[in-house]
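Where a number appears in this text, it was derived from the coordinates with a stated rule and is not lab data. No experiment lies behind these values; they were computed from the predicted model shown. A quick note on method: Cβ atoms are made from the backbone with ideal geometry, for glycine too, and the neighbour counts reach across all protein chains shown.
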Amino acid sequence: MAHSRQPRDFDEWRLLAISDPEGFEAARRKVLDEVIAQAPENRRHRLKGLQWRVDRVRERSTSPLAACISLSGMMWESLAGENGLLDVLRGEQGVGHHEPKSQHSTVIQLHKEPPRQR
């Protein structure tokens, strides 16, 4: 089944996936390629690499739900994992730096200790 236009919302995408899986994949690939092409040039290579990883996870997964769970784990790792977005936003790591976090601490005395009895 050939579709002349791209689906506009979730329900149209869902119906296309059910009625024409090959058409769905072609439309999905077209949209992804268009989005990547519209990204700033210095980001395109990274986006293509990320999409490649997503596609491999989808291929290796035993079901769409398994793929969703795996991809959700990837997103959480990217957000909250070591050198993830949260670390970058907190200034704990620079973008692209993979140095281990410092293991040193400084203990600050918050109150004066009472004098010791002799």
* Asked: Per-residue HN-Hα couplings for the range 45-55, Karplus 6.51 cos²θ - 1.76 cosθ + 1.60 at θ = phi - 60°, whole Hz, x for Gly and Pro?
  -> 4, 5, 5, 5, x, 5, 5, 4, 4, 4, 4
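Size of the dipole of the range 1-86 about the Cα centre, Lys and Arg at +1 and Asp and Glu at -1 on the beta carbon, nothing else charged, in debye to 20? Could the numbers behind the result be given before it?
Details: 14 positive and 13 negative charges, 46 e Å.
It works out to roughly 220 debye.
Could you order peptides 33-40, 67-74 by the average number of other Cβ atoms within 10 Å of their residues, highest first?
Details: 33-40: 10.9, 67-74: 13.2.
Listed from highest to lowest mean packing, they are 67-74, 33-40.
For Glu22 and Leu89, what is the calculated FRET efficiency with R₀ set at 35 Å and r taken between the beta-carbons, to the nearest 0.05?
Numbers: r = 41 Å, r/R0 = 1.17.
So, using R0 = 35 Å, E works out to roughly 0.30.
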* Asked: Between Arg43 and Phe10, what FRET efficiency comes out of the Förster formula 1/(1 + (r/R0)^6) with R0 = 22 Å and r the beta carbon distance, rounded to 0.05?
  -> 0.25
